[in-house]
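One structure is given below, encoded as structure tokens.
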Amino acid sequence: MPDIRQVNPGGLRLPPEREGGADNFKLTSQYYEYGESIEAMPPILVIEGANGELQIYDGVTRATRAYMTDPYRNVYVEVTGAFPEWNFDFCSTVEESVGF
């Protein structure tokens, strides 16, 4: 059974290969297609590390768009794996990448 949770996307950790945040082209395309709506947005795929920290596995742009349109809104994430020995503290968050 999938582990689906509601979390604030601003606190999600970015993967090291996407430490700069969302791809601007993809972000613009998503705004054009969906605007501020997250109704049909699939869950963001994450992995859980030490201290319950969640790192995005798939969905950096979706998480960024959701956070930028409403920083207080929660989104659905699907936890695809738990690795309690992995520490994600060195990775920036969606909130830090957006800058507000």
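Every number in this text was worked out from the coordinates using simple rules, so none of it is lab data. These figures come from a predicted structure and were not determined experimentally. Neighbour counts run over all protein chains shown; Cβ positions are idealised from the backbone, glycine included.
Could you figure out which of (1) outside any loop (DSSP other than H, G, I, E, B); (2) of a type in the set (S, T, N, Q); (3) over 23 Å from residue 1 (Cα atoms) isn't true of residue 51?
The one condition residue 51 does not meet is (3).
Assess whether residue 39 counts as being surrounded by 15 or more Cβ atoms within 10 Å (Cβ to Cβ), of a type outside the set (Val, Ile, Thr) and out of contact with any helix residue (DSSP H, G or I) (no Cβ under 8 Å at 6 or more places or on another chain).
So residue 39 does not fit the description; no.
Those residues that are in contact (Cβ under 8 Å) with a residue 40 or more places away in the chain and of a type in the set (Asp, Glu), I need them from region 16-48; list them, please.
The answer is 19, and nothing else.
Six or more apart or on different chains, Cβ atoms under 9 Å: show the pairs whose first residue is in region 68-84 and farther than 12 Å from residue 54 by Cβ and whose second is in a helix (DSSP H, G or I) and acidic (Asp, Glu).
71/95
Just to be sure before I move on: is residue 63 out of contact with any Asp or Glu (no Cβ under 8 Å at 6 or more places or on another chain), part of a helix (DSSP H, G or I) and aliphatic (A, V, I, L, M) in the structure I sent?
Here the answer is yes, as residue 63 does meet what is asked.
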